[in-house]
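Written below as structure tokens is the structure these notes are about.
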């Protein structure tokens, strides 16, 4: 007997494009996951599935209400959702598909009342740096990306070739330029695919692509 496609997803485990939620009882928390997926490649939430991959089940109408609330009132712009309902092991789970956004960057409302941009990194939704937010804005506007290859850009390439990775502060200090100018250079080179940004819970660093 062929395995149910939802079981295949569960067995694959959480990733950059898949997250498990046992329940949805806080729209602010779920909004972080929604915008993180929308700001990257899109993704799916399985509601009613525990972190250990077992089926918990949910009360579908309550969960759907919380999801709609999160997407419409806690996300800016609103994140579109596709919600499918499945019965597994006699329990209801929801498969929530979040398409890649067309109005990036998407932000989630925090406890402080401010909106913060998140991105999906491996199996986590992490706060985006100012550099990443700027990249998302420019990509969304489809702005022309003119690359200037001067002494600072050359210095960055040499720094990366030597050390393998660099942070914004390290680049700015080494080149004796402001963080703002260093950020503009990083944004341009990320958009051109020359370098890559790597977000972690502690800091963001950059490597050659």
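The values are calculated or read from the model by the stated rules, or taken from the named source; none is laboratory data. Source: prediction; values computed, not measured. Every residue, glycine as well, gets a Cβ built from its backbone with ideal geometry; the counts of neighbours run over all protein chains shown.
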Tally time: how many residues in the stretch 151-171 are part of a helix (DSSP H, G or I) and in contact with a strand residue (DSSP E or B) (Cβ under 8 Å, 6 or more places away or on another chain)?
7
Hits in the stretch 191-200 (condition: within 21 Å of residue 142 (Cα to Cα) and in contact with a strand residue (DSSP E or B) (Cβ under 6 Å, 6 or more places away or on another chain)):
195, 196, 197
Surrounded by fewer than 17 Cβ atoms within 10 Å (Cβ to Cβ), farther than 21 Å from residue 42 by Cβ and in contact (Cβ under 8 Å) with a residue 40 or more places away in the chain: is that true of residue 186 in this structure?
no
Restricting to the stretch 123-150, name every residue that is closer than 19 Å to residue 195 by Cα, modelled with pLDDT of 90 or more and outside any helix (DSSP H, G or I).
128, 129, 150
Would you check if there is a residue in the stretch 144-162 being within 23 Å of the chain's Cα centre (by Cα) and outside the structural domain of residue 33 (by TED's automatic domain parsing)?
yes
Where a residue in the stretch 1-27 is modelled with pLDDT under 90 and its partner, wherever it lies, is not in a helix (DSSP H, G or I), with Cβ under 7 Å and at least six apart:
4/88
Of all residues in the stretch 1-22, how many are farther than 16 Å from residue 71 by Cβ and in contact with a helix residue (DSSP H, G or I) (Cβ under 7 Å, 6 or more places away or on another chain)?
1
Could you please let me know if residue 95 is outside the structural domain of residue 197 (by TED's automatic domain parsing), at pLDDT below 95 and in a strand (DSSP E or B)?
no
Residues being in contact with a helix residue (DSSP H, G or I) (Cβ under 6 Å, 6 or more places away or on another chain) and assigned to a helix (DSSP H, G or I): count how many of those fall in the stretch 43-70.
3
If a residue must be touching a helix residue (DSSP H, G or I) at 6+ places or on another chain (Cβ under 7 Å), surrounded by fewer than 19 Cβ atoms within 10 Å (Cβ to Cβ) and within 11 Å of residue 39 (Cβ to Cβ), how many such residues does the stretch 102-136 contain?
1
Can you tell me which of (1) under 24 Å from residue 48 (Cβ atoms); (2) under 15 Å from the mean Cα position of the chain (by Cα); (3) part of a strand (DSSP E or B) is the one residue 79 doesn't meet?
(3)
